[in-house]
Amino acid sequence: MQARQDARLIDAEEAVREAKFARASRKRNLATRAGATLQFTELGFGAGDFDMFLLAGRYTLLEQEALQSFLPYCLDRKIGVVIGGPFNSGILATGPKRGARYDYQPASPAVLERVRRIETICKAHGVKLAEAALRFPLNHPAIVSVIPGGQKPGEVRRNAAMLGAQIPAAMWRALKAEGLLRADAPTPR
């Protein structure tokens, strides 16, 4: 836990440095747009005048805390958000299999169970877990893109194909009804 707290402080300090650099670059007409990368939404995002944020793994089928303040902040200020890591280090692409990883670590039994429940609902609606994971963030109006992180050409093609998958609105409603998605998470009706 201490390592994660330390990482949060480093991320906040880096965001402040990026904000200062962005302001200076704009004043000197060296840049017209500025962005920052964040992994923890509670720190750093108010530190500067940004056009874009890359949010890594913090608005996914497993994590929606960004709905509390970060995404409303971005909407209010017309800041675009790119989601990195929509598969939460792999578990939302592989499912709750042995050795699945979440947040760069072996997934806990609680996370494995939650993913199993999400996957069961997805399958009941004819949707692959990875399709739902890739599409979910795009339902939010602040999200402008998702970076799934394919490592091989076949993975890139698969990710592109998943973006075209038809996902019934009933699936999103079922996930909310089971408490697996926040009720206020934007989804198709």
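The values are calculated or read from the model by the stated rules, or taken from the named source; none is laboratory data. Because the structure is predicted, anything quoted here is derived from the model rather than measured. Every residue, glycine as well, gets a Cβ built from its backbone with ideal geometry; the counts of neighbours run over all protein chains shown.
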Picked from segment 33-88 (must be in a helix (DSSP H, G or I) and modelled with pLDDT under 75), the residue surrounded by the fewest Cβ atoms within 10 Å (Cβ to Cβ) is Gly46
Evaluate segment 163-170: report whether one residue or more is outside any helix (DSSP H, G or I), at pLDDT 95 or above and in contact with a Cys (Cβ under 9 Å, 6 or more places away or on another chain). yes
Taking the condition among the charged types (D, E, K, R), over 19 Å from the mean Cα position of the chain (by Cα), under 21 Å from Leu71 (Cβ atoms) and in a helix (DSSP H, G or I), does Arg173 pass? yes
Lone unmet requirement of (1) out of contact with any Leu (no Cβ under 8 Å at 6 or more places or on another chain); (2) surrounded by fewer than 15 Cβ atoms within 10 Å (Cβ to Cβ); (3) at pLDDT 95 or above; (4) outside any helix (DSSP H, G or I) for Gly150: (3)
Per the filter on segment 116-146, residues over 23 Å from Lys97 (Cβ atoms) and among the aliphatic types (A, V, I, L, M) are Leu138, Ala142, Ile143, Val144
Just give me the residues in segment 93-116 being among the aliphatic types (A, V, I, L, M) and surrounded by 12 or more Cβ atoms within 10 Å (Cβ to Cβ), in sequence order. Ala93, Ala100, Ala107, Val111, Leu112, Val115
Selection status of Val144, modelled with pLDDT of 95 or more, part of a strand (DSSP E or B) and either over 18 Å from Gly179 (Cβ atoms) or not acidic (Asp, Glu) (or both): yes
Of the criteria (1) farther than 22 Å from Ala183 by Cα; (2) touching a Gly at 6+ places or on another chain (Cβ under 9 Å), which one Arg98 fails: (2)
Restricting to segment 101-124, name every residue that is outside any helix (DSSP H, G or I) and within 27 Å of Ala177 (Cβ to Cβ). Tyr102, Asp103, Ala107, Ser108
